[in-house]
Every structure is written in structure tokens, then in C-alpha cells.
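FYI, it's all coordinate maths here, none of it is from the lab. Source: prediction; values computed, not measured. Backbone-built Cβ (ideal geometry, glycine too); neighbour counts: all protein chains shown.
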Amino acid sequence: MTVKAYILVNVSTGTEDEVSKALVEFDAVEEVATIYGEYDAIIKVAAKDMNDLDDFITSKLRSVPNIFMTSTMIIAREHK
């Protein structure tokens with residue numbers, strides 16, 4: 001079962017575009033938007049299961065330079 005999530009990200013000042021360009025290269029990332037407010041960017045990801053999501057967060061997302069905080073929200077239901 002596919003697991004989708006939004007991940008809110010804080011990055012070092014001035015690195016928003018650089019980090020966003022790095023993030024869109026990952027297969028799990030559906031889209032990245034830079035935003036104003038408490039967080040600098042929001043990522044929408046899709047993983048095949050919770051283990052795959054965990055691997056993305058711990059092995060890939062955390063390896064991107066200039067990211068210093070994330071907050072993951074797993075999507076319960078989508079409405080279109």
C-alpha cells in the first residue's frame with residue numbers, strides 16, 4: 001500500500017532553491033514548494049510502504065546538505 005506524506009523542511013538561510021533542486025531528484029518526491037512562514041519548503045512524497053518512507057527520510061532526506069529540521073505528516077486521506 002502506497003504511503004504518502006508531506007514533509008515540512010527548514011533549511012539554512014539562502015539555500016532554499018539549492019535544496020529544492022536536490023530534493024526533486026529523488027524518486028519518492030512528487031513535488032517541492034518553497035513557502036513563507038515557519039518552514040522554508042514542503043515536500044510531497046510517495047513511498048511503497050512505511051519502511052520505504054523511513055528509508056527515504058533517514059538515508060536520503062537527511063543526507064541533503066543545509067536541511068536542519070523536518071516535520072513529517074503522513075497523509076490519511078486525499079480528496080480531489
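The residues of the stretch 1-56 that are of a type in the set (A, V, I, L, M), part of a loop (DSSP other than H, G, I, E, B) and surrounded by fewer than 15 Cβ atoms within 10 Å (Cβ to Cβ), listed by number, are M1, V24, I35. Evaluate the following for M1: is it free of Cβ contacts under 8 Å to residues at least 60 places away in the same chain and either hydrophobic (A, V, I, L, M, F, W, C) or in contact with a strand residue (DSSP E or B) (Cβ under 8 Å, 6 or more places away or on another chain) (or both)? Against the criterion (free of Cβ contacts under 8 Å to residues at least 60 places away in the same chain and either hydrophobic (A, V, I, L, M, F, W, C) or in contact with a strand residue (DSSP E or B) (Cβ under 8 Å, 6 or more places away or on another chain) (or both)), M1 qualifies. Annotation: of all residues in the stretch 31-63 being of a type outside the set (A, V, I, L, M, F, W, C) and under 9 Å from the mean Cα position of the chain (by Cα), the one that is nearest to A76 (Cα to Cα) is K44.
Can you name the residue in the stretch 57-80 that is part of a strand (DSSP E or B) and not aromatic (F, W, Y) and is also nearest to V3 (Cα to Cα) among such residues? Only one residue tops the list, namely I74.
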